[in-house]
Amino acid sequence: MILIVAMSLPSINRNISSNLYLRISSLLLLYTGALVFNAFYIQSIGSGIGIYSGLFQITLFTQLFEIVIILTGSVILIAWPLKNFKFIDNNFNLNEEYNNILSINNYRKKYSIIVLISTLGSLLLVSSSNLITLYLSLELQSFGVYILASLYRHSELAISAGLKYFLLGSLASCIILLGCGLIYTFTGLTNLESIYSLISVVDNNNNILLGFNLGLILIFIGLLFKIAAAPLHNWAPDVYADSATIITTWLTIMPKISILLILFEIETQISLIENINLILELNPLNNIINSITLNFYNGYLWNNNLILISSLLSLLIGTILGLAQSKIKRLLAYSTISHIGFILLALAINSEQSIEALMFYIIQYTITNLNTFLIIILFGYIVKNSFKDLIQSIMVEDETGTENDINYISELKGQFFLNPVLSITLTICLFSMAGIPPLIGFFSKQFILYSAIQNGYYFMSIIAIIVSIISASYYLKLIKILFTEEENISKYSDKELKLINNLNSNSKIEISSTNSFIISTLTLSILLFILKPSILLNSTTILSLSLFKF
């Protein structure tokens, strides 16, 4: 609120740089994360603490992922490279024009405020224990990402992406609200714990179970739409490709973490109500209990099958359509859809091993995807100031209005020979996404496949293995372009070559060392996970066991 007031007052706003807004917002998130981490010392947090009259439920699980969300948000906030471009030339007089092209300070202030609002929505959503707070938290988070998608107001494509995201996201919100309304209509309750308790004891002579199951299916459909799970994925590649890369980084990570976690919470609680299989086993002659349990179990199977179908389609569509992409952000969008397929598979299995694999996969997906986009952002700032792109950015208006973004895979051609360290780090991230051992991405896929085979999901396991092999081809295509030597510059005219030499000799680009430190840390965690895996694995194991303690 203080930042919003500071931005609205011209006397204060003029004296605070846009970079300072980003740094202050990042420090706010880090301080919030420290407060959440300090709450781990509360012993009763293991069983959960209801706050605000039970509207939110705080547990060890929600705390851990609140820390993940906060740390990821703070890293994305400071991921916007701080570049200082200096150009002095009397013959071409391009300094003023080019500096205008590189001017992005107007967006950083708004970006930091909107990111804080969206992060607040994500934190509230993870801890939501009521249908009302679930919906309001989801919308608070969604409104932030709608605005972020269209943050670049001078770009037609960015405005189109934001509008498309808003309209289709609003449709998904309406479906979720309809599902919440159905559940309230049939149960008369909004508190999730109360609803679970009612469903576990209701008899088979009323329509409460039918209304609950129908409302739950609608909520699941809306949430699957929000995370771009197939077949509800069509909006994602267009929105991700048309938004600025720094915005796409946020869209592909932050909303998905919180929505996947609330999906996981609902699915886990439903599957644990009165331990369905145990009741059927211990009461084979009790017709009343059997009828109640079977009716509820049928509803649970509907939701479980819905997740399984979405997982299968996400794996297939995300892999097959990704093969034909020439734009790098569209390729990564389909890659994200494929990763969502793995996460939904673990969610559908819903055993101790699969839940442990799910939490591990979410964390590694966040690390790998974040690092990949940070590297692409830095490549954009470097490549867009190379000899050929300086001419294009000065003489031709960029199609997205985001002049420092890499749009096509071909723009990375030969970057290994110019920026070998960044190229190698990007290669490590892509190998991890493909599941190449001994990187962290390999172990995340291995854990999910192992749990799937252990629980009899053989067909899904085979499909997941096949699509992992196929998806490696488009990651390798990107790596091949990185390590392909750049083409000859003889196609440029004498005037263009003179301009190139002038720009290269009189320009200086400085990128903050903060970005280098973040990328190095994330890359080492991906590369060296096998040397010290105990911290992450023990954390996910303890959480999965605590969730299945009944």
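Read-outs throughout are calculated quantities, based only on the coordinates presented, and are distinct from any laboratory measurement. Nothing here was measured: the structure is a model prediction, and the numbers come from that model. Here the Cβ is made from the backbone with ideal geometry for all residues, glycine too, and neighbour counts use every protein chain on show.
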Would you mind checking which residues have amide H under 5 Å from residue 130's amide H? H placed 1.01 Å from N; only 5 or more apart, or other chain. 192
Length gained, residue 324-residue 11, 0.36 nm per residue minus C-alpha separation, equals 107.5 nm
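If packing is taken as the average count of other Cβ atoms within 10 Å, what order do 314-320, 239-245, 429-435 fall into, highest mean first?
Per-residue mean Cβ counts within 10 Å order the peptides as 239-245, 429-435, 314-320.
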Taking 256, 480 and counting other beta carbon atoms within 10 angstrom, the fewest-first order is 480, 256
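Taking the number of other C-beta atoms within 10 Å as the exposure measure, put 108, 153 in order starting with the fewest.
With the sparsest Cβ surroundings first, the list reads 153, 108.
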Once phi for every residue in the stretch 514-523 is put through the Karplus expression 6.51 cos²θ - 1.76 cosθ + 1.60 (θ = phi - 60°), the whole-Hz ³J(HN,Hα) values, with Gly and Pro written as x, are 4, 5, 4, 5, 5, 4, 4, 5, 5, 5
What's the FRET efficiency of residue 520 with residue 210 using the Cβ-Cβ distance as r and R₀ = 45 Å, to the nearest 0.05? 0.25
Among 165, 408, what is the fewest-to-most ranking by other Cβ atoms within 10 Å? 408, 165
Calculated from backbone phi, Karplus (6.51, -1.76, 1.60) coupling profile of the stretch 111-120 in Hz, x at Gly/Pro: 4, 5, 5, 5, 4, 4, 5, 5, 5, 4
Expected output is a single nm value to one decimal: the length gained when fully extending between residue 30 and residue 201, i.e. 0.36 nm times separation in residues minus the C-alpha distance. What is it? 57.2 nm
Magnitude of the Cβ-charge dipole (Lys and Arg +1, Asp and Glu -1) of the stretch 120-263 about the Cα centre, nearest 20 debye, reported as 160
